[in-house]
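Trainee: Would you mind keeping the following structure in view while I ask a few things?
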Amino acid sequence: MVYKKTAPVNWCPHDATVLANEQVIEGCCWRCDTPVERKEISQWFLKITAYADELLKDLDTLEGWPEQVKTMQANWIGRSEGVEMDFIVADSGEALRIYTTRPDTLMGVTYLAVAAEHPLAKRAAENNPAIQAFIEDCKKMETSEAAMETMEKRGIASGLTAIHPISGEPVPVWIANFVLMGYGTGAVMAVPAHDQRDYEFAQKYGIAIKAVIKAANGEDDSIENQAFTTKGVLFNSDEFDGLTFSQAFTAIAEKLEREGKGQRKVNFRLRDWGVSRQRYWGAPIPVIYCDDCGTVPVPDEQLPVTLPEDVVLDGSQSPLAAHPTFPHTPCPQCGKAAKRETDTFDTFMESSWYFARFASPQADTMLDEHANHWLPVDQYIGGIEHAILHLLYARFFHKLMRDEGLVTSNEPFKNLLTQGMVVAETFYQTDAHGHKHYFNMTEIEVERDSKGKICGAKLLSDGSPVTIGATEKMSKSKNNGVDPQLLIDKYGADTVRLYTMFTSPPDQSLEWNDAGVEGAQRFLKRLWRQAHLHVSAGLSATPVDKASLSEGQKAIRRQLHQTLAKVSDDLNRRHTFNTAIAANMELLNALNKFEDDSANGKAIRQEILEGIVLMLSPIVPHIARQLWFDLGHAQDVVTERWASVDESALQQESVQMMIQVNGKIRGKIEVALTASKESIEAQALANEDIKKLIGENPIKKMIVVPNKLVSIVI
RNA sequence: GCCUUGGUGGUGAAAUCGGUAGACACACAAGACUUAAAAUCUUGCGCCUUCACGGGCGUGCCGGUUCGAUUCCGGCCUAAGGCACCA
């Protein structure tokens, strides 16, 4: 499950250090502006691809996960069915292996492309300065997929050809900057007529474009301006002419298999997980390299390998590799002088199993049986930015632990709630070197236009102008976070919690703004005042007499119990805290208008106030605790059971129904709950407004949706 | 470039399974209370039109399905998240 191979990193030759993708600004080091090079270094990998199938299949078992996240993971794993085949290099006879999901376009291949690091490219570069220069140039590329996909696609002919496995024709081999050695086989086949990237590349370099697929459904399949990428019917393909995609897939795969030139293959987009980091702040990878014994794991009794504290952190080199003593240690097997691994683990390594360790904190080993008692995690909550990497690594690691006998469950997280990002504007100034310095909102003064949008900003300290950057997720690097403490100091924690929960549902991203926080405080004040007016008028200790309720009393009790049902559902199932709070605001507004000093009225007021306090206690615990005592309870509200809905209070005798004529709302009627379809229709047609509208027009159609509306088509 | 999710009043949002668009708030305006201000309370508040009653339009844009579309389908624009070393 663990192996070493070379993989590309961003290398700053000036600082002699590896840079994260985020630290590469327009192809240059963020610190010294030196152009960054792509460098292949040896790194440790975990074989997550061995679990690709299971990670994909088990997504179906995650019923408590958002569809969005499961879709993203499925696409990331990217299972594809295709064909792997060899093109034979004409001069040397070596096999050039490629993989394609479109074997139906095989007869349209007009060139092959290999990575700059491919052995074939290296061979072509011998005695060819132009190819050498091109390969050298390819090193100046960023490693991120986004950069790869958006950069200019360039290439150079290698001068070599390879034999097409079916036609036997020679096909030119190109060296291209968009093919990577580390992914797949480092070589691809190109069909310009039926792939847009290949099309653009062929146009640019004057390579032949050969159409072999025509539309099956009469769609425009001309390739004059762009590739035709829809699956269709083969032509120009000799024995395969007239076949559909799936027929051609089978026929071509079988022919290749028969002739020993290729075979069907399932591929995954997912790549193995590189866990080596050339950094100080991380868990050291516990491995020792011995000249005689090779790669030796650090023995259990020597674990953990702890970080030295006397390191030089100057941004140049790996502090561990540069440390005078840390790398030097005897080999655990033979005792001879050996060298420690100085790379540390990717931090995702630890975040992949911390939840299991939290469940067995006393364990002497990695985990004990307590982990199984608690796992899987019932409700996991995290930002949507973790939808793929963290959540996929954790799922993989959990399966690894299962296969090592450490846990018994297949998945780590039963239910998942992904929070939206809180995003905020960024503000920066650019210095003489072109570096951006980000300022926090508290350090600047903003100008707003009539719509409240920020349209200008200057630094508070010296009044110098500040550039307004993109609105993005709050982060340390962009300095666009907000400290809630300032608001808490001003309004109190309950108000800030209430406001935060009320602003939007948790899975939605949010542009932070505290403009409405006053409203949250006003609501809590109104609740406090209502409760204390009630208390000072003398609490009601008697239960509601349900047998003698007036219409008004029935109505407000119905609202209370409807609210209880809704809030329970909002909190438990929907996690929409904003609508749960709004429903309580409506209930309090109704209570404000409920003027009833009778004994039963008082009892109802007590019932409603207790209901609101209970429903809000998870969100505003401090004020709820105090009000609960004030309402006459001896026990803290946190020990109370959640309120139950009184079904009898929900009952209604009639319901309001809309009347639509030709799709527009034209009237309303009050209908008894027991009314038949026929009597509802008759009542709708008897409505004066509707009668006038229909006039002499014949009724074509009439639809009755129970308890909702009557739709009449004339 | 690719994958995912969103776009509804001046603002944050609601409409849960295709059935009253804008609940609940913020902001704003007018009024009450006050010497005054704050706080509080009341009323109004999508756009156009109308003295009014009312009428028309309206959920990013264009088109489609349906008796009926914020909701479903196709295309486009746009913002955010991710793209394997920010974590």
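Trainee: From the list A:GLU54, A:GLU63, A:GLU40, which residue is open to solvent by 20 Å² or more (accessible area, probe 1.4 Å) and either closer than 30 Å to A:GLY315 by Cα or touching a Gly at 6+ places or on another chain (Cβ under 8 Å) (or both)?
Mentor: Testing whether each residue is open to solvent by 20 Å² or more (accessible area, probe 1.4 Å) and either closer than 30 Å to A:GLY315 by Cα or touching a Gly at 6+ places or on another chain (Cβ under 8 Å) (or both) leaves just A:GLU40.
Trainee: If you scan the stretch A:611-666, which residues turn out to be out of contact with any helix residue (DSSP H, G or I) (no Cβ under 9 Å at 6 or more places or on another chain) and small (Gly, Ala, Ser)?
Mentor: Within the stretch A:611-666, A:ALA634, A:SER654, A:GLY663 qualify.
Trainee: List the pairs whose first member sits in the stretch A:21-38 and is within 16 Å of A:SER477 (Cβ to Cβ) and in contact (Cβ under 8 Å) with a residue 40 or more places away in the chain, whose second member is within 14 Å of RNA strand B (Cβ to nearest atom) and assigned to a strand (DSSP E or B), and whose Cβ atoms are under 6 Å apart, counting only residues at least 6 apart or on separate chains?
Mentor: Cβ pairs passing all conditions: A:VAL24/A:ASN10.
Trainee: Against the condition more than 13 Å from RNA strand B (Cβ to nearest atom), assigned to a helix (DSSP H, G or I) and of a type in the set (Gly, Ala, Ser), how does A:GLY611 come out, does it pass?
Mentor: In short, yes.
Trainee: Could you please find all residues in the stretch A:141-156 being open to solvent by 50 Å² or more (accessible area, probe 1.4 Å) and not in a loop (DSSP other than H, G, I, E, B)?
Mentor: A:GLU145, A:ALA146, A:GLU149, A:THR150
Trainee: Name the residues in the stretch A:45-94 that are over 23 Å from A:ARG271 (Cβ atoms) and among the aliphatic types (A, V, I, L, M), would you?
Mentor: Within the stretch A:45-94, A:ILE88, A:VAL89, A:ALA90 qualify.
Trainee: What pairs come up if the first residue lies in the stretch A:263-279 and is more than 22 Å from A:SER80 (Cβ to Cβ) and open to solvent by 70 Å² or more (accessible area, probe 1.4 Å), the second is part of a loop (DSSP other than H, G, I, E, B) and polar (S, T, N, Q), and their beta carbons are under 7 Å apart, counting only those six or more places apart or on different chains?
Mentor: From residues that are more than 22 Å from A:SER80 (Cβ to Cβ) and open to solvent by 70 Å² or more (accessible area, probe 1.4 Å), the pairs are A:ARG279/A:SER318.
Trainee: Among the numbered criteria (1) surrounded by fewer than 19 Cβ atoms within 10 Å (Cβ to Cβ); (2) within 13 Å of RNA strand B (Cβ to nearest atom), which one does A:CYS331 miss?
Mentor: Unmet for A:CYS331, out of (1) surrounded by fewer than 19 Cβ atoms within 10 Å (Cβ to Cβ); (2) within 13 Å of RNA strand B (Cβ to nearest atom): (2).
Trainee: From the residues in the stretch A:220-230 that are more than 13 Å from A:GLY108 (Cβ to Cβ) and in contact (Cβ under 8 Å) with a residue 12 or more places away in the chain, which one is most open to solvent (accessible area, probe 1.4 Å)?
Mentor: A:GLN226
Trainee: Within the stretch A:231-251, can you find the residues that are touching a strand residue (DSSP E or B) at 6+ places or on another chain (Cβ under 7 Å) and either hydrophobic (A, V, I, L, M, F, W, C) or surrounded by fewer than 18 Cβ atoms within 10 Å (Cβ to Cβ) (or both)?
Mentor: Those that are touching a strand residue (DSSP E or B) at 6+ places or on another chain (Cβ under 7 Å) and either hydrophobic (A, V, I, L, M, F, W, C) or surrounded by fewer than 18 Cβ atoms within 10 Å (Cβ to Cβ) (or both): A:VAL233, A:LEU234, A:PHE235, A:PHE240, A:ASP241, A:GLY242, A:LEU243, A:THR244, A:ALA248.
Trainee: Still on this structure: Looking at the stretch A:488-497, can you tell me whether even one residue there is at pLDDT 90 or above, charged (D, E, K, R), in a loop (DSSP other than H, G, I, E, B) and more than 10 Å from RNA strand B (Cβ to nearest atom)?
Mentor: Checked the stretch A:488-497: no residue is at pLDDT 90 or above, charged (D, E, K, R), in a loop (DSSP other than H, G, I, E, B) and more than 10 Å from RNA strand B (Cβ to nearest atom).
Trainee: Which one of A:TYR280, A:TYR289 is among the aromatic types (Phe, Trp, Tyr) and away from RNA strand B (no atom under 16 Å from the Cβ)?
Mentor: A:TYR289
Trainee: A follow-up question, please. Just checking, how many residues over the stretch A:102-128 are free of Cβ contacts under 8 Å to residues at least 24 places away in the same chain and of a type in the set (S, T, N, Q)?
Mentor: Residues in the stretch A:102-128 being free of Cβ contacts under 8 Å to residues at least 24 places away in the same chain and of a type in the set (S, T, N, Q): 1 in total.
Trainee: If you take just the strands (runs of 3 or more DSSP E) that sit entirely in the stretch A:429-479, which of them hold at least 1 residues that are within 16 Å of RNA strand B (Cβ to nearest atom), under 24 Å from A:CYS28 (Cβ atoms) and touching a residue at least 12 places away in the same chain (Cβ under 8 Å)?
Mentor: A:436-439, A:467-473
The values are calculated or read from the model by the stated rules, or taken from the named source; none is laboratory data. Here the structure is a predicted model, which is why all the values come from computation and not from measurement. Don't worry about glycine lacking a Cβ; one is built from the backbone with ideal geometry, like all the others, and counts go over all protein chains shown. Calculation scope for accessible area: heavy atoms of the full protein, side chains included, ligands and nucleic acids excluded. Shrake-Rupley method; radii C 1.70, N 1.55, O 1.52, S 1.80 Å.
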